[in-house]
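Below: the structure, in structure tokens.
The values are calculated or read from the model by the stated rules, or taken from the named source; none is laboratory data. These numbers were taken from a predicted model, which means no experiment stands behind them. Here the Cβ positions follow ideal geometry from the backbone for every residue, glycine too, while neighbour counts run over all protein chains shown.
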Amino acid sequence: MVKFKKIRIIILTIIFFSGCALQLPPEGGAIDLIPPKILSTFPESGTVNYNKNYFEIEFSEYVDKRSFREALFISPTIEGDMIIDWSGKSVEVSFTQGFKENTTYIITIGTDLIDLNNKNRMANAYNLSFSTGDKIDDKVISGKVYDKQVDGTMIFAYSYKSDTSNYLLTKADYISQCGKDGQFSIQGLPKGNFRVFAVKDQFRDLIFQAEQDLIGIPYLDIVLSEKDSAYSELNFYLSKIDTIPPHILEARMIDEKHILLKFSEELDLNSLNKESFKVIDTIQQVVSNVSYFFNTLTKLNELIIIPENIPMNSLDLFLEVREFRDVNNNLQKNEKVSFIYTDKKDTNALKILKTEPSDLKIDFLKPSIRIYFDDAFQKEKIDSAFEFMDATNNKVNFNLDYINDAAIKISPQQKLKPDSKYQLKINMKLIPDASDNFSDTTIVLNFSTRTEFEFSGLSGKVNTDKKNLVLVLESESDSEQKEFIKLNDKKSFDFNRILPGKYKLWAFEDLNNNDKYDYGSLFPFEFAERFYYYPEVIEIKARWSVADLIININ
């Protein structure tokens, strides 16, 4: 009897470990770079009068079980428990309460699914649709999501209720996911009205969280009538919807002159001036105004504040900001933050942190140089501190503009010569910082102008009946490098003085004539502006303009 028990334990142990071995990837061989695919399903997509309580999927290779669960979306929601049973590369998903009668179901396997061997993600979402009745809903909404990283972006489709409903507080009626190229498709839809969102769902809870998720707002609601089979070209740009006002996180005296002020997010600096700040000594009842303020170049949410004076050795100091806005125009008023006094001396002379352009090569027709210092400077003698000269030491007259209290822009008053060398001398002794520190050095910036042959252009025509179109030429390598042109009455465009490189060309309907693309709003709800992408990357070469480009926008 004892012997039998030992044999039984050994058999059970073998069964247990053989079951676990099903999830072990094969060893050796070439690196697997092929994403998993779905080979077959039961039932087949499009099946009607389906009367089972399960569905099966066969994959091309072993997949990670946990990723399957995270990539599985079912519309509409099924009541009861879900049971997942694996057998090699196949999985059976069953439901204790089964499917509802006369209902079309869409089973979506999203791109979060990865294989077991090398964590390759599935290239595109897969949709399986079947009906428990004699008719299947077969309408489709498709489009594309545009962003730097679109992988895994969720598509939430809601049956339209009213334009005052806050759809995103609940899980969507229909769910899909876009692939690596941003393409998506929501299949198995009935006739009706739908509001669709693209959501970069960071927590994978299938609920939009404004604090961490990016969202794409549609440019219209989709209406699928009995005659409509599909709606395509529902395209999205992802953006951050910020409805939370900024806050002060910290104030810290760096030395006896400077206060570092940290905010919860980047501020709109145009909403601030010197009168926005006050330093308050509550014990001595002293209020100090601010002489200078500027943003640091390292972190966009930080400012340096330089008050007129701070009472020495004060034990109860506060910095008050009267009114400030973030870059999304959220307003905050009258916030205070305490800080500790320090008598540390500021003995550092003014330094140049950076110049723009960084390579000191400028357009001879539109020349300008931006200079950013590490501290605020006194402006009394700054005009005489700069000397602008050409290669033969002839002086060039210029305008000096203040970007902020620690940065300036130098703009020659005349056109410069192409392919020529110029020099900007800066006598740092004539530019004392806020603490009267200065350097005895003279900094020399040598720069040159570009030749006419370094520039190129792009011109053409748009065939469209759309109005208020704005065309955008955007560098593929630097999304901040953009040129905007409003389409004229002749529907023609001409981008000139463009540097060589690869560019994306897109257009948007500027419905409110503010010359910028509007991503839409959730509270209150406002549609995004519709946009259109030219399907190919345009390579612009030096001395070789791209002309007569025809764009069709229907």
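Values as computed for the structure displayed
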quantity: Single condition Phe453 does not satisfy, out of (1) touching a helix residue (DSSP H, G or I) at 6+ places or on another chain (Cβ under 8 Å); (2) in contact (Cβ under 8 Å) with a residue 40 or more places away in the chain; (3) farther than 20 Å from His258 by Cβ; (4) not in a strand (DSSP E or B); calculated: (1)
quantity: The lone exception for Tyr517 - which of (1) crowded, with 18+ Cβ neighbours inside 10 Å; (2) in contact with a Ser or Thr (Cβ under 7 Å, 6 or more places away or on another chain) it fails; calculated: (2)
quantity: Strands (runs of 3 or more DSSP E) wholly inside region 475-525 that include at least 1 residues being closer than 22 Å to Leu220 by Cβ; calculated: 501-509
quantity: Given (1) within 30 Å of Asn235 (Cα to Cα); (2) modelled with pLDDT of 95 or more; (3) under 37 Å from the mean Cα position of the chain (by Cα), number of the condition Lys65 does not satisfy; calculated: (1)
quantity: Search result, residues across region 175-195 that are assigned to a strand (DSSP E or B) and more than 16 Å from Ile74 (Cβ to Cβ); calculated: Gln183, Phe184, Ser185, Gly192, Asn193, Phe194, Arg195
quantity: Residue list for region 515-524, filter: modelled with pLDDT under 90 and of a type outside the set (D, E, K, R); calculated: Ser521, Leu522, Phe523, Pro524
quantity: Near pairs, Cβ below 8 angstrom, 6+ apart or cross-chain, from region 172-192 (more than 17 Å from Leu128 (Cβ to Cβ) and at pLDDT 90 or above) to any residue that is surrounded by fewer than 15 Cβ atoms within 10 Å (Cβ to Cβ) and charged (D, E, K, R); calculated: Lys191/Glu226; Lys191/Asp228
quantity: Pairs, first in the same structural domain as Ile207 (by TED's automatic domain parsing) and more than 12 Å from Ser176 (Cβ to Cβ) in region 70-81, second among the polar types (S, T, N, Q) and at pLDDT 85 or above, C-beta under 6 Å, six or more apart; calculated: Glu79/Gln97; Gly80/Thr96; Gly80/Gln97; Asp81/Thr96
quantity: Some residue of region 224-240 being within 25 Å of Glu474 (Cα to Cα), in contact (Cβ under 8 Å) with a residue 40 or more places away in the chain, in contact with a Leu (Cβ under 8 Å, 6 or more places away or on another chain) and not basic (Lys, Arg); calculated: yes
quantity: Val196 being in contact (Cβ under 8 Å) with a residue 12 or more places away in the chain, hydrophobic (A, V, I, L, M, F, W, C) and under 18 Å from Ala123 (Cβ atoms); calculated: no
quantity: Any hit, region 188-199, residues being closer than 30 Å to Pro535 by Cβ and surrounded by fewer than 22 Cβ atoms within 10 Å (Cβ to Cβ); calculated: yes
quantity: So Phe377, is it among the aromatic types (Phe, Trp, Tyr), in contact with an Asp or Glu (Cβ under 9 Å, 6 or more places away or on another chain) and more than 30 Å from Leu303 (Cα to Cα); calculated: no
quantity: Unmet requirement for Thr464, which otherwise passes all of (1) surrounded by fewer than 18 Cβ atoms within 10 Å (Cβ to Cβ); (2) closer than 30 Å to Phe531 by Cβ; (3) modelled with pLDDT of 95 or more; calculated: (3)
quantity: Whichever residue in region 45-60 is modelled with pLDDT of 95 or more and assigned to a loop (DSSP other than H, G, I, E, B) and, among such residues, is nearest to Asn120 (Cα to Cα); calculated: Ser60
quantity: Residues being crowded, with 16+ Cβ neighbours inside 10 Å and either among the β-branched types (Val, Ile, Thr) or touching a helix residue (DSSP H, G or I) at 6+ places or on another chain (Cβ under 6 Å) (or both) - total across region 363-386; calculated: 4
quantity: Residue tally, condition touching a strand residue (DSSP E or B) at 6+ places or on another chain (Cβ under 7 Å) and either of a type outside the set (A, V, I, L, M) or surrounded by fewer than 18 Cβ atoms within 10 Å (Cβ to Cβ) (or both), over region 125-137; calculated: 6
quantity: Residue within region 101-121 that is assigned to a strand (DSSP E or B), touching an Asp or Glu at 6+ places or on another chain (Cβ under 9 Å), surrounded by fewer than 18 Cβ atoms within 10 Å (Cβ to Cβ) and touching a residue at least 40 places away in the same chain (Cβ under 8 Å) present; calculated: no
quantity: Region 124-162, residues that are closer than 28 Å to Phe55 by Cα, assigned to a loop (DSSP other than H, G, I, E, B) and not acidic (Asp, Glu); calculated: Asn124, Ala125, Thr132, Gly133, Lys135, Ile136, Gly152, Thr153
quantity: Breaking point among (1) of a type in the set (A, V, I, L, M); (2) farther than 24 Å from Gln202 by Cβ; (3) within 31 Å of the chain's Cα centre (by Cα); (4) part of a loop (DSSP other than H, G, I, E, B), for Ala172; calculated: (2)
quantity: Top-ranked residue in region 527-543 [being farther than 10 Å from Leu505 by Cβ and surrounded by 12 or more Cβ atoms within 10 Å (Cβ to Cβ); ranked as farthest from the chain's Cα centre (by Cα)]; calculated: Ala542
quantity: Region 220-242, residues that are under 18 Å from the mean Cα position of the chain (by Cα), part of a strand (DSSP E or B) and surrounded by 20 or more Cβ atoms within 10 Å (Cβ to Cβ); calculated: Asn235, Phe236, Tyr237
quantity: Of residues in region 243-265 being surrounded by fewer than 16 Cβ atoms within 10 Å (Cβ to Cβ) and within 21 Å of the chain's Cα centre (by Cα), the one nearest to Leu319 (Cα to Cα); calculated: Ser264
quantity: Flag if Tyr532 is touching a residue at least 24 places away in the same chain (Cβ under 8 Å), farther than 30 Å from Arg450 by Cβ and either touching a helix residue (DSSP H, G or I) at 6+ places or on another chain (Cβ under 7 Å) or outside any strand (DSSP E or B) (or both); calculated: no
quantity: Residue in region 349-362 that is buried (at least 17 other Cβ atoms within 10 Å of the Cβ) and under 15 Å from Asp433 (Cα atoms) present; calculated: yes
quantity: Residue list for region 327-352, filter: over 15 Å from Glu256 (Cα atoms) and in contact with a Leu (Cβ under 6 Å, 6 or more places away or on another chain); calculated: Val337
